[in-house]
Amino acid sequence: MARALHAQVAALPIVAPHGHTDAGWFARDEAFGNPNDLLVVPDHYVTRMLHSQGVGLDEMGVPERDGSAVVQPRAAWRTFAANYALFRGTPSGLWLDHTFSEVFGLDVRLDAGTADHYYDTIAARLAEPAFRPRALFERFGIEVLATTDSPLDDLADHDRLVADGWGGPGGRVVTTFRPDPVVDPDFDGFPGNVARLGELTGEPTTTWAGYLDALRRRRADFRARGATATDHGHPSPATADLDPVTCQRLLDGALAGTLDAAGAERFRAQVLTEMAAMSLDDGMVLQIHPGSRRNHSPGLLRRFGRDRGADIPGPTDYVESLRPLLDRFGEEPDLRIILFTLDESAYTRELAPLAGYYPCITLGAPWWFLDSVEGMWRYRRAVIETAGFANTAGFNDDTRAFLSIPARHDVARRVDCGFLATLVTEHRLDLDDAHELAVDCAVNLAHRAYNL
Amino acid sequence: MARALHAQVAALPIVAPHGHTDAGWFARDEAFGNPNDLLVVPDHYVTRMLHSQGVGLDEMGVPERDGSAVVQPRAAWRTFAANYALFRGTPSGLWLDHTFSEVFGLDVRLDAGTADHYYDTIAARLAEPAFRPRALFERFGIEVLATTDSPLDDLADHDRLVADGWGGPGGRVVTTFRPDPVVDPDFDGFPGNVARLGELTGEPTTTWAGYLDALRRRRADFRARGATATDHGHPSPATADLDPVTCQRLLDGALAGTLDAAGAERFRAQVLTEMAAMSLDDGMVLQIHPGSRRNHSPGLLRRFGRDRGADIPGPTDYVESLRPLLDRFGEEPDLRIILFTLDESAYTRELAPLAGYYPCITLGAPWWFLDSVEGMWRYRRAVIETAGFANTAGFNDDTRAFLSIPARHDVARRVDCGFLATLVTEHRLDLDDAHELAVDCAVNLAHRAYNL
Amino acid sequence: MARALHAQVAALPIVAPHGHTDAGWFARDEAFGNPNDLLVVPDHYVTRMLHSQGVGLDEMGVPERDGSAVVQPRAAWRTFAANYALFRGTPSGLWLDHTFSEVFGLDVRLDAGTADHYYDTIAARLAEPAFRPRALFERFGIEVLATTDSPLDDLADHDRLVADGWGGPGGRVVTTFRPDPVVDPDFDGFPGNVARLGELTGEPTTTWAGYLDALRRRRADFRARGATATDHGHPSPATADLDPVTCQRLLDGALAGTLDAAGAERFRAQVLTEMAAMSLDDGMVLQIHPGSRRNHSPGLLRRFGRDRGADIPGPTDYVESLRPLLDRFGEEPDLRIILFTLDESAYTRELAPLAGYYPCITLGAPWWFLDSVEGMWRYRRAVIETAGFANTAGFNDDTRAFLSIPARHDVARRVDCGFLATLVTEHRLDLDDAHELAVDCAVNLAHRAYNL
């Protein structure tokens, strides 16, 4: 029965409303670089696993911040291949195997002995027109894909996509407003970032009102490039509802670099509530991705920068954190907040009850370390009974690894169909409903949650 | 094998030692009202799900506090029916389907097209003598059912039940002492409630000793109406063991409305320990239902009042919270505390270890959002290995929805039999033990835990 | 398929790198005492379950601290037998049944009626040479077993084992450095313990430098008796990186008994970081077993002492607690820390991400209340996808109950093979990899994690 359900959804278009691929790939449509730069370097799932077993990031070909030399791509690939057995039983292993087999037609196993065969085959393919970004995009059956971009980004890639008929509102490649660099006082270079935001928008970002106006303007710029959502990667989902004088004082402190940790948290908390207010005006969906203690290893951050795998989740409270925002906007019918978590203990305790009550709250797909076969099963089993299917946001792949997108959606569709088949078998769901819900989970819920 | 086990317990009497049905139904034995008032309005599982998808409580026929008009029952029922697909995969869906089919004999699916057919059929049945509360009680095979009542309730309904031979000690419908309105300083109207408690008992409730005496007297009044248990819905299971001077000061503050949040928490904490002390004297079982952040939506509370679905669980600590009480009474052989949780992360970490060590602690059934097929499986898998079956309290339905009682107990019995069958299949339990334990889980453990 | 995998590993030698058996048993190789003293008294899994149902520890034959009389072994055994049904569905039940059947050849069920038959049979067997500790050790196929000992222990038993060719580096029975009595200011008699440490080592343990030197010396003494690991049972995994002046002040306070709870926590936190520094020098593996609120019942502690079952886990943070240590040593390739938990909510949230990134972190086996069929399944399902197999430490039995060792390892091997078979069935793992990983989980990972 799971197979019959899957057969129905396997070929449906891919809706990818949240991820971190590079808009430039699709804007320029140039051939991808070498296999290692495409498949190893940008995928922190891969680099963290190798690192955990003592392989240095330099050995994987990850560039250092100071420009120090790293190993050559083929040498790095051989290291990866020799350690490929580390991925047995992991989602990365599933995704990579799927990519090797389905995208590149490789039919032997990757290991030290086949490393060069893999490298040469993939490199040869990447040089072919059929393996350019747009060709793969179409081959993968992607209907729409959202990138995430900073308000400081000039959006030139998205402008090019708009000009080509690939981007813009309703387009195939759209952007997402991800303002962390200008709303998180702990972000590298925050004061300069806010000053730059002022320059880009002509708003006086040293005043609270000007700062909010600048964010408002950039949201509009992003909407013009197809964005339907904002995204926030805060350490916690704390929200606040402070008076303007306090807000100004916090902004002053943030710009002066004098805020302590609690002050920075209050600043981010207030920003989330302001984002909700703006969403009510402009209709953008508010995504909250909280709970990661980023850059846990100061040594790694220094040498290789952000997003290299040294991010560790921590306990995340939702019920009290969201209260200030919800007290103000919780019953608004036109607001949509998509909540994510890295803390599964919140599924039945906080998240499903919140989504199952508040009209504005939708539960996001299993995220990051939970975006796996077991993680998706736990999500379905924990969430659906209280939140129902209708309060969930479907699947999103959240990936930097473009080639893994078909594999990730396929795994999600298989798990969802397996879950639905289990419900039917246990007489907890009718078969016709299961067929309808399989399509909802694959496509419709994402459309609806992201206003696509 | 699961079916064979279930066959053995399917027809056993229903023991319902904890719930929130209305004693007046059984005391007066009048026909229930219309289908919407019976099946939608009082069931906050139902109203919260509709609300989460933008249906207003007024559209469901839920009365507003200020008496504003709401829609007519039939119109509300049509709204419910049109949205019934929201309940696919939820326990409410299972319970409602069971009720429609088993209680009312309906054999088509509920949707917009069948809404009136459902409404008319159910309304017609409810007018028949066989659908009066006592007739249904007997048809459902209920052996004993406990309501929960406030110390401020005059217990007139229970008096009538005693007079009719239906209530009182050992009777079919008994009460439970639920003192939240007079022991929680944050409860609406607390000072007036305590004054009223004083009037009802003739005790000087402005002194700590008089306040405790008043509670003691009401406990006795409840026992005379069959109560074997008390029940406490605190935000946390905090307990305390304070000196009388401090207690008096807290009571003074609570009555003057000057306690801060920490003071209110200490007050409730001390009350739990006092309740344990009184339980040692009068033998009543102490139920603790902690961890709900009630009335999370101030807007809903203002318009529609308590218990309408806007309650969200939060993280709940047991191991430190219970320490003051356990330091004093933990090794008492004659005390029984039944602990519940909305925080599943405490199952293996705190609750099973506590129940598996302290003679006075028994684990309550999966509660509220966890009272579901998946929730019950997780409970069994998490709890039994450390606590054993003997330290669990069997099942209770905890419901306001009288008609769902057979469905809820049936679901629990099916899951328990499925779990036991799994243990036998994996050679972790002998078959004859599984048969014995199936009966224990269905009936005996509840009898024992609640002194029935 | 699970059976085929299990057939391959069932007879592999047992590697037991962490446990609490008595080195004296193997050093002296005398016959064990009576059945009750062997199987009931030292096993707090057993005593806590009986206690939870109102059986006093004195009735089980557990000696009181003040030497008061307890019941005779046979009477205690009868009590145990009469209550044996309490263990249905628990791991203790599985382990005991396995021991009764496989070690003693008993083929009837233990209950009140067979209590004496069991007692007499076991007692008779224990008097036979084939049931001496070393004979059983060999019959069980144990390759290596580590005890845990205090730095205040004279290690005479281990010296005897070294002399006999059974102990010492690479030997069959080795020790583990467990310094809780001299590094936890809350430990009973801490100041005297530290003074005794000074006497044993000739180091001035009232100075921070002398105190560290004393620990260093004892570590060397333990290594000479085969130890490859240290073990730390702190209430939390808090670490610190303080300056020497602060360390000296904390030591002064700890020795004077004037440290408050926070000070004691900082002291333990600093010790963990010092232990990591010493591990870098001497190569010992650092085991952290955090999260138990020990001696939760003051009454039990007073009458019967530590480790009698009154230990309750609590919430445990890793991601912030370990930061000071990891900031200093996290990227060291030659350090190995094995992390354990009693808080399953940390598996996917903190522990698998930590182990899947930091080269120095390995995840320990499911521990204590989680060392069960269900607990091991949850561990595998939660941990492997993010940490991979290579970042786990294999199985260890952590037991005081020597006779349960074969049963415990067999249960672990069965669950691991079941998990691997599931992965193969779901096309998430190749069959040849499953065979290789089954052996890794049974033997190789433990060898590697503990440098055996």
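The values are calculated or read from the model by the stated rules, or taken from the named source; none is laboratory data. Treat the numbers as computed from the prediction; the structure is a model and nothing was measured. Quick reminder, even Gly has a Cβ in these numbers, built from the backbone with ideal geometry, and neighbours come from all protein chains shown. Quick note on the areas: whole protein, heavy atoms, side chains included, nothing else; ligands and nucleic acids left out. Shrake-Rupley method; radii C 1.70, N 1.55, O 1.52, S 1.80 Å.
Show me the ranking of peptides C:273-279, B:217-223 by mean Cβ neighbours inside 10 Å, starting with the highest.
C:273-279, B:217-223
Just to be sure I understand: if you take the accessible area of chain C alone plus chain B alone and subtract the pair, with a 1.4 Å probe, what total do you get in Å², rounded to 100?
Result for this pair: about 3100 Å² buried.
So what are the ³J(HN,Hα) numbers for the range B:141-146, from phi and the Karplus equation (6.51, -1.76, 1.60; θ = phi - 60°), rounded to whole Hz, Gly and Pro as x?
Along the range B:141-146, the couplings run x, 7, 8, 8, 9, 9 Hz.
Distances in nm, one decimal, shortest first, from B:ASP307 to the same residue in every other copy, taking the label point 7 angstrom along Cα→Cβ.
Listed shortest first, these distances are 5.1, 5.1 nm.
Skip the ligands, DNA and RNA, and give the accessible area per residue of the range A:31-129 with a 1.4 Å probe, whole Å².
Here the residues of the range A:31-129 average 38 Å² of exposed surface.
When the C-alpha atoms of chain B are aligned to their principal axes, what extent does each axis show, in angstrom, from largest down?
Principal axes ranked by extent give 65, 61, 44 Å for the Cα atoms.
How many Cβ atoms of partner chains, on average, are near each residue of C:381-393 if near means within 10 Å of its Cβ?
Partner-chain Cβ atoms within 10 Å, mean over residues of C:381-393: 6.
Mind giving me the FRET efficiency for C:ASP307 and C:ASP159? R0 is 30 Å, r the Cβ-Cβ distance, nearest 0.05 is fine.
Efficiency, rounded to the nearest 0.05: 0.75.
Per-residue mean of other chain beta-carbon atoms within 10 angstrom of the beta-carbon, peptide A:340-352?
Mean shielding count: 6.
Can you bin the range C:247-396 into rounded, prolate or oblate? Criterion: square roots of the alpha carbon gyration tensor eigenvalues sorted a ≥ b ≥ c, rounded for a/c under 1.5, prolate for a/b above b/c, oblate for the rest.
oblate
So what is the relative contact order for the range C:31-129, in percent, with contacts set as C-alpha pairs under 8 Å and at least six apart?
Contact order relative to length: 32 percent.
Please list 3J(HN,Hα) in residue order for the range A:61-72, calculated via the Karplus relation 6.51 cos²θ - 1.76 cosθ + 1.60 where θ = phi - 60°; whole Hz, with x for glycine and proline.
Once rounded to whole Hz, the list reads x, 6, x, 7, 4, 8, x, 4, 5, 10, 5, 5.
Out of the GluC sites (Glu not before Pro) in the range C:1-70, which ones are loop residues according to DSSP with at most 12 other C-beta atoms within 10 Å?
C:GLU30
Take peptides A:401-413, B:9-21 and line them up by average Cβ neighbours within 10 Å, highest first, as a rough protection proxy.
The peptides rank, most packed first, as A:401-413, B:9-21.
From the label point of C:ALA135, set 7 Å from Cα along Cα→Cβ, how far away are the matching label points in the other copies, in nm, ordered shortest to longest?
Ordered by distance, the counterparts are at 7.6, 7.6 nm.
Which distances, shortest first and in nm, link A:ASP154 to the matching position in the other copies, using label points set 7 Å out along Cα to C-beta?
Computed spacing set for this position: 8.1, 8.1 nm.
Could you work out what % of the accessible surface of the range A:31-129 is carbon and sulfur, using a 1.4 angstrom probe and leaving DNA, RNA and ligands out of the count?
It is 50 percent, rounded to a whole number.
Taking each residue in A:39-48, count the Cβ atoms of any other chain within 10 Å of its Cβ, then average. What number comes out?
Per-residue shielding by partner chains comes out at 1.
Grab the other residues whose beta carbon is less than 15 angstrom from that of B:ARG139, score K and R as +1, D and E as -1, and report the net.
-2
With equal scatterers on the alpha carbons only and no solvent term, can you work out the Debye log10 of I(q)/I(0) for the protein assembly as shown at 0.06 1/Å?
Log10 I(q)/I(0), no solvent term: -0.57.
Would you be so kind as to identify which of A:VAL46, A:THR90, A:PHE80 lies farthest towards the positive end of the dipole of the range A:31-129, taking Lys and Arg as +1 and Asp and Glu as -1 on Cβ and the Cα centre as origin?
A:THR90
Can you report the principal axis dimensions of the range A:161-244 using only the alpha carbons, biggest first, rounded to whole angstrom?
On the principal axes, the range A:161-244 reaches 42, 30, 25 Å in Cα extent.
Sort the range B:331-452 into rounded, prolate or oblate with this rule: let a ≥ b ≥ c be the square roots of the eigenvalues of the Cα gyration tensor; rounded if a/c is under 1.5, and if a/c is not under 1.5, prolate when a/b is larger than b/c, oblate otherwise.
rounded
Give the long-range amide H neighbours of C:GLY167: residues separated by 5 or more places, or on another chain, with amide H under 5 Å away, using H modelled in the peptide plane at 1.01 Å from N.
Excluding prolines and chain starts, which carry no amide H, the hits are C:VAL162, C:ARG172, C:VAL173.
With a 10 Å radius around each residue's Cβ, average the other Cβ atoms per peptide and rank C:353-361, A:128-136, C:80-88, highest first.
Result, highest mean first: C:353-361, C:80-88, A:128-136.
Quick check: Cα centre of the range C:28-106 to Cα centre of the range B:334-371, how many Å?
Their Cα centres are 25 Å away from one another.
May I ask you to derive the FRET efficiency for A:ALA124 and A:LEU280 from their Cβ-Cβ distance with R0 = 51 Å, giving the value to the nearest 0.05?
Once rounded, the FRET efficiency stands at 0.45.
If you take the square roots of the eigenvalues of the alpha-carbon gyration tensor of the range B:31-129 and sort them as a ≥ b ≥ c, do you get rounded (a/c under 1.5), prolate (a/b over b/c) or oblate?
oblate
Given Cα pairs under 8 Å that are at least 6 residues apart, what percent is the relative contact order of chain C?
Dividing the mean separation by the residue count of chain C yields 19 percent.
Along the range A:190-195, what does the Karplus equation 6.51 cos²θ - 1.76 cosθ + 1.60 (θ = phi - 60°) give for ³J(HN,Hα), rounded to whole Hz, x for Gly and Pro?
3, x, x, 4, 5, 4
For the rotation taking chain A to chain C, which residue of A has the Cβ nearest the axis, and how many Å away is it?
In residue-and-Å form, the answer is A:SER345, 2.
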